[in-house]
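Reviewing the structure listed below.
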Amino acid sequence: MGLEAMANPLQVVDPEVYEAVCRDLHRQLTRIDLIAAENYVSAAVLIATGSVMTNKYAEGYPAARYYGGCEWIDVAERLAIERAKQIFGAQHANVQPHCGTQANMAVYFAILKPGDTIMALDLAHGGHLSHGAPKSFCGALYNVVPYGVSRETESIDMDQVRDLAVKHRPRLIVTGASSYPRFIDFARFGEVAREVGAWLMADVAHPAGLIAAGLHPTPVPHADFVTATTHKTMRGPRGGIILCKGEHAAKIDSQVFPGIQGGPMMHTIAGKAVALKEALEPDFAEYQAQILANCQAMLRELQDRGHRIVTGGSDNHLFLVDLRSLGMAGRLACQLLDEAGITLNQNLIPFDPRSARETSGIRIGTPAVTTRGMREPEMHLIADWLDRVLRRPDDAGLRARIRAEVEDLCLQFPIYTGLSGTFVPELALAGTGILPVRPTGGTPVPLGPD
Ligand code: DSN
């Protein structure tokens, strides 16, 4: 196919996609990512995920496929399954869900009928779309009874959870969240579910890496089903997994395939296997501990500068800043910080007076900056930039100056610099001061404003 003749086949075949990829890599290299759900995969995960396993159809499961030629596919999927079971202490793992919502859908379809009652954390209090939001398939199919956080503590009110469960007798209670900064009492959720005869599903998409490292309570002994994504704190490729007891294995597997999915994305499953291997290494636990330390350092610095942090702190990798005292919407904060080279997302705070399109808060997470090698001193610096940008929304000059400082810092903590030119094209590196280890030749094209 002429690979040997091309320095970079993507550049030759499709310059437009090549440029978009380069510019996005340049964005990743030169901006600070505080989106709590994002991370940078390792070079090994990137290579596995971009591998030839994308070519293979493998409907079915290891040793039970509907296509020939799956012998090496089976190796990759078995490795992912066994590593997931080992890390989380689970009896069964399904590593095929394409994303977290697909993992949740497979559990719902395995145990519920349309019209059944489920309970889950309100989206406006930190829950997830796939936990019953009206516009998701889940909200459309099931009778959803949301539970919330208390006004006083902004934490999940377990008395309210129990009262609602006793009153509504749900078939399923869902626990887990997208923007909730505190530990969840999985043991208590298990007690409530057993009391009312409900299934319990814990969606740990966000804290999965912390759980893997033993730095966050695990739901595995308490929940019938545990779902997660592999790309947040787990630092793997984009995708989902389901963990459950052995007795539910067949029900879950047949619901993932053929129930809701076709051919598994074997390149992604190979990437999941690699990320799970990395999660078994001792330095993964050190990485997770540093995520927590960085989160505490940044939120304390912001607190010291007068910002209100929802719940007064965080037990995990993320926290929410209440912007009401600044009179600023989360949407504007997000835009201003983007101009300054800091990427995060607007977020509802509990009992938010603003709509989801505007919001009164922003969500901040530390998994990605920690992967870059940033530590407490850098967290103090980032908090200082956040504080100054938020307090001086009319100062475009300040944002430009901070943008330059952000780039300088990012270049001290580069990503993917040890890879060949195929992965770190010169176009993305132009103007960054970073040189690829093995240049592929050719004149770098100057990057304009992205
Ligand atoms: N979109 C993810 C997040 O930002 O938390 C959840 O799916």
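The values are calculated or read from the model by the stated rules, or taken from the named source; none is laboratory data. Remember, predicted model here, so these are calculated numbers, not experimental data. Heads up, the Cβs are rebuilt from the backbone with ideal geometry, glycines too, and the neighbour counts pull from every protein chain shown.
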Filter segment 165-188 for residues that are assigned to a strand (DSSP E or B) and under 17 Å from the mean Cα position of the chain (by Cα); which is farthest from E281 (Cα to Cα)?
T175
Exception for A7 within (1) touching a Gly at 6+ places or on another chain (Cβ under 9 Å); (2) at pLDDT below 90; (3) part of a helix (DSSP H, G or I) falls at (3)
Can you run down the residue pairs with Cβ atoms below 7 Å, 6 or more apart or on separate chains, where the first is in segment 82-110 and over 14 Å from V204 (Cα atoms) and of a type in the set (K, R) and the partner is at pLDDT 95 or above and crowded, with 21+ Cβ neighbours inside 10 Å?
R83/A273; R83/L276; K85/A93
Report every pair of residues separated by at least 6 positions or lying on different chains whose Cβ atoms are under 6 Å apart, first residue within segment 396-414 and within 18 Å of H26 (Cα to Cα), second hydrophobic (A, V, I, L, M, F, W, C) and part of a helix (DSSP H, G or I).
I402/W385
Whichever residue in segment 119-132 is in contact with a strand residue (DSSP E or B) (Cβ under 9 Å, 6 or more places away or on another chain) and among the hydrophobic types (A, V, I, L, M, F, W, C) and, among such residues, is nearest to the ligand (Cβ to nearest atom):
L123
Selected residue [under 25 Å from P146 (Cβ atoms) and more than 15 Å from the ligand (Cβ to nearest atom)] from E339, E358:
E358
Consider segment 133-142. How many of its residues are within 14 Å of the ligand (Cβ to nearest atom) and surrounded by 21 or more Cβ atoms within 10 Å (Cβ to Cβ)?
1
Looking only at segment 298-341, which residues are in a loop (DSSP other than H, G, I, E, B) and not hydrophobic (A, V, I, L, M, F, W, C)?
R305, G306, H307, G313, S314, D315, N316, H317, G327, G341
Entirely in segment 349-418, the helices (runs of 4 or more DSSP H) that have 2 or more residues that are at negative phi and loosely packed, with under 14 Cβ neighbours inside 10 Å
396-412
Residues that are more than 22 Å from V256 (Cα to Cα) and within 16 Å of the ligand (Cβ to nearest atom): does segment 17-34 have at least one?
yes
Go through A285, A250, A293 for me and flag whichever is part of a helix (DSSP H, G or I) and free of Cβ contacts under 8 Å to residues at least 12 places away in the same chain.
A250
Read through the list (1) assigned to a helix (DSSP H, G or I); (2) crowded, with 24+ Cβ neighbours inside 10 Å, then give the number of the only condition that I241 fails.
(1)
So, of the residues in segment 35-59 that are over 30 Å from R403 (Cβ atoms), buried (at least 20 other Cβ atoms within 10 Å of the Cβ) and not hydroxyl-bearing (S, T, Y), which turns out to be nearest to the ligand (Cβ to nearest atom)?
A48
Residue count, segment 228-265 (criterion: within 13 Å of the ligand (Cβ to nearest atom) and either farther than 20 Å from A177 by Cβ or hydroxyl-bearing (S, T, Y) (or both))
3
From the list R23, R31, pick out the single residue that is among the basic types (K, R) and modelled with pLDDT under 95.
R23
List every residue pair whose Cβ atoms sit under 7 Å apart, with the two residues 6 or more apart in sequence or on different chains, where the first one lies in segment 228-246 and is in contact (Cβ under 8 Å) with a residue 60 or more places away in the chain and the second, anywhere, is within 12 Å of the ligand (Cβ to nearest atom) and among the basic types (K, R).
H231/R238
Is it the case that some residue within segment 172-184 is more than 16 Å from the ligand (Cβ to nearest atom), closer than 20 Å to V220 by Cα and not aromatic (F, W, Y)?
yes
Which members of segment 285-307 meet the condition of being crowded, with 17+ Cβ neighbours inside 10 Å and either at positive phi or in contact with a strand residue (DSSP E or B) (Cβ under 6 Å, 6 or more places away or on another chain) (or both)?
L299, H307
Condition first: without any contact (Cβ under 8 Å) to a residue 40 or more places away in the chain and either closer than 27 Å to L344 by Cβ or within 16 Å of the ligand (Cβ to nearest atom) (or both). Now tell me which residues in segment 153-171 satisfy that.
I156
Working only within segment 146-188, note down all residues that are buried (at least 18 other Cβ atoms within 10 Å of the Cβ) and either of a type in the set (V, I, T) or touching a Gly at 6+ places or on another chain (Cβ under 6 Å) (or both).
V149, I156, V161, I173, V174, T175, A177, S179, Y180, I184
Of all residues in segment 189-214 being β-branched (V, I, T) and either surrounded by fewer than 24 Cβ atoms within 10 Å (Cβ to Cβ) or part of a helix (DSSP H, G or I) (or both), the one that is nearest to the ligand (Cβ to nearest atom)
I211
What are the pairs, 6+ residues apart or on separate chains, where a residue within segment 350-364 that is among the hydrophobic types (A, V, I, L, M, F, W, C) has its Cβ under 9 Å from a residue that is in a loop (DSSP other than H, G, I, E, B) and more than 16 Å from the ligand (Cβ to nearest atom)?
F351/G148; F351/R151; F351/E154; I362/L323
